[in-house]
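Participant: One structure is given below, represented as structure tokens, and several questions about it will come after.
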């Protein structure tokens, strides 16, 4: 009986501990994804303003350059544009953002920022496109810094609080 | 190009109800179609031969414009997005010139708010009109003119004279194709085409979309005066072809070409030889013997009708 109780208590503490560790890991992943997204936008900016690649090709190349889940944004929007079904860049970009939302740890604020690009992407001259993508990168850099600070502070809290919460529940049950 | 091919080439660029209407329109209607015009909040208009028609969403032509499909700003936006592959930045130079050439050599003219900078026109934004001018090749349409151009055994400097929409560019293209490829009556020649408005060869992304012959070099989107000098220096053409000459710099460059022994075949806007002789620069050029042959075109029996052959020997 005691053995069973010990096993149950250990399972509860481990379960809550893993939940806390996962939450801490998600904060780190968010920072990594913001950084990846910023680098990918830098790549897209060069493809548009220096190479003058058509948008569908520029997005496809950016998808190859970036890693999942950030690459979902570029791969989805490029795929839709390459189908040539009369879809606009804004519609394709927004569909890509929905894909990113499903697969990434990014928050609503970051998704909202990316969605603002849809209104201008592809439909102005190269200098305006460069300005748009540079501005997005700068804003993402600020969000990245903020996310990094949040992660620094909260990482230890989430790491330990899972185990502590598990232990408290075990104590309450006893 | 037959009606069905034209329909397939053009309809994918339109969205929504415009696409529906144009897709349902019979292929025969495209056979003689010259223009498709979209203007924001105005009916879609089709120029077929000498007539102008509206189009219903059922794909029927109508003269009652209130029944015709209206183009919205959204339609214009989607059409431009489609023409430019959602990449207006990749067409900056074309937009600055006011048109984009699409595959097939069709020319899409744009109107809207023009952005002007100190150095000139920077671009167009807030597009309000789009005009598709359908390019068509009429092979052998210059057959009646070629014997006059080759009358002395060598190519004679020729001026094609016509008002707009009388087929002078189509004739010039066929002359280029025939002379460049060669025939029993005319040996093949190296040709340089100065295609300032991308109409003769219909170049899209560096490739001529219309047949201009085996031995033709195309200087696309190049100002005529510069192009003529560039071609003489670097391409050693036997014949030089240019569309719609008339500016002072064109005339000066033409004089250089004639003096360097290159045969020139050009077109010019004028109704007839009298109208032509009222233009001092051209009058001077003619008096100096720059051109030996003039061909006056009209639409009397359809585009490309030869009205008069003039000899300035």
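Read-outs: derived from the displayed coordinates by stated rules, not from any lab. If you're wondering where the values come from, they're calculated on a predicted model, not measured in any experiment. So basically every Cβ, Gly included, is an ideal-geometry build from the backbone, and we count neighbours across all protein chains shown.
Participant: Over the alpha-carbon set of chain A, divide Rg by the Kirkwood Rh and report the Rg/Rh ratio to two decimals.
Facilitator: Taking Rh as the inverse mean 1/r over Cα pairs, Rg/Rh reads 1.18.
Participant: Oh, and also: Which of A:30, A:67, A:38 moves the most in a Gaussian network model of chain A with Cα springs under 10 Å?
Facilitator: Checking each option, the largest mean-square fluctuation is seen for A:67.
Participant: Another question, then. How big, in percent, is the set of alpha carbon pairs in segment B:146-311 lying more than 25 Å apart?
Facilitator: More than 25 Å apart: 23 percent of the Cα pairs in segment B:146-311.
Participant: In the Gaussian network model of chain A, springs joining C-alpha atoms below 10 Å, which of A:135, A:73, A:39 carries the largest mean-square fluctuation?
Facilitator: A:135
Participant: Quick check: Cα centre of segment A:70-107 to Cα centre of segment B:69-110, how many Å?
Facilitator: Result: 23 Å between the Cα centres.
Participant: Could you please state, rounded to a whole Å, how far the C-alpha centre of segment B:138-162 is from the C-alpha centre of segment B:269-313?
Facilitator: If we compute the Cα centre of each part, the gap is 13 Å.
Participant: Between residue B:247 and residue A:4, what is the label-to-label distance in nm when each label sits 7 Å out along the Cα-to-Cβ direction?
Facilitator: Once both label points are built, they end up 9.6 nm from each other.
Participant: Next question, about the same structure. What is the projected area of the convex hull of the Cα atoms of segment B:3-133, averaged over all directions, in nm²? Before the final figure, lay out each step's value.
Facilitator: On the way: hull surface 30.8 nm².
Mean projected area of the Cα convex hull: 7.7 nm².
Participant: Quick one: P(r) of the protein assembly as shown from all Cα-Cα pairs, 20 Å bins, percents rounded to integers, in order of increasing distance.
Facilitator: Spelled out bin by bin, the protein assembly as shown gives 20, 39, 24, 11, 5, 1, 0 percent.
Participant: What translational diffusion coefficient, to the nearest whole µm²/s, does segment B:119-170 have by Stokes-Einstein, given a Kirkwood radius computed over alpha-carbon pairs, a temperature of 4 °C and 1.567 mPa s viscosity?
Facilitator: Approximately 86 µm²/s, per Stokes-Einstein.
Participant: Still on this structure, please answer the following. Averaged across A:41-53, how many Cβ atoms of other chains sit within 10 Å of each residue's Cβ atom?
Facilitator: Mean shielding by partner chains, rounded to a whole number: 1.
Participant: Can you put B:218, B:17, B:212, A:31 in order of Cβ neighbours within 10 angstrom, beginning with the fewest?
Facilitator: With the fewest neighbours first, B:218, B:17, B:212, A:31 line up as B:17, A:31, B:218, B:212.
Participant: Right, something else. Can you pull the mean other chain C-beta count within 10 Å for peptide A:122-130?
Facilitator: Mean number of neighbouring Cβ atoms from other chains: 6.
Participant: Would you tell me the mean number of C-beta atoms belonging to other protein chains that fall within 10 Å of each C-beta in B:88-100, as a whole number?
Facilitator: 4
Participant: Run the numbers for residue B:51 and residue B:8: contour at 0.36 nm per residue of separation, minus the present Cα-Cα distance, in nm.
Facilitator: Residue separation times 0.36 nm, minus the Cα-Cα distance, leaves 13.3 nm.
Participant: Hull surface divided by four, with the convex hull built on the Cα atoms of chain B: how many nm²?
Facilitator: The number I arrive at for chain B is 16.6 nm².
Participant: Would you mind ranking B:14, B:99 by Cβ crowding within 10 Å, fewest neighbours first?
Facilitator: Least crowded to most crowded, the residues run B:99, B:14.
Participant: Same structure again: Report, in whole Å, the centroid distance computed from the Cα atoms of segment B:175-232 and segment A:109-174.
Facilitator: Segment B:175-232 and segment A:109-174 have Cα centres spaced 57 Å from each other.
Participant: Report the relative contact order of chain A, percent, no decimals, based on alpha-carbon pairs under 8 angstrom and at least 6 residues apart. Working shown, then result.
Facilitator: Working: 209 pairs, mean separation 66.9, N = 174.
The normalised contact order for chain A reaches 38 percent.
Participant: Which order do the peptides A:88-94, B:203-209, B:115-121, B:192-198 take when ranked by the mean count of other beta-carbon atoms within 10 Å per residue, highest first?
Facilitator: Values: A:88-94: 21.9, B:203-209: 15.4, B:115-121: 9.0, B:192-198: 25.0.
Put in order of decreasing packing, that is B:192-198, A:88-94, B:203-209, B:115-121.
Participant: State, as an integer percentage, the relative contact order of segment B:3-133 based on alpha-carbon contacts under 8 Å between residues 6 or more apart.
Facilitator: 22
Participant: Right, something else. Scattering from the C-alpha atoms of segment B:93-135 alone, worked out with Debye: what is log10 I(q)/I(0) at q = 0.28, 0.32 1/Å?
Facilitator: Ignoring solvent entirely, the Cα scatterers give -0.94, -1.08.
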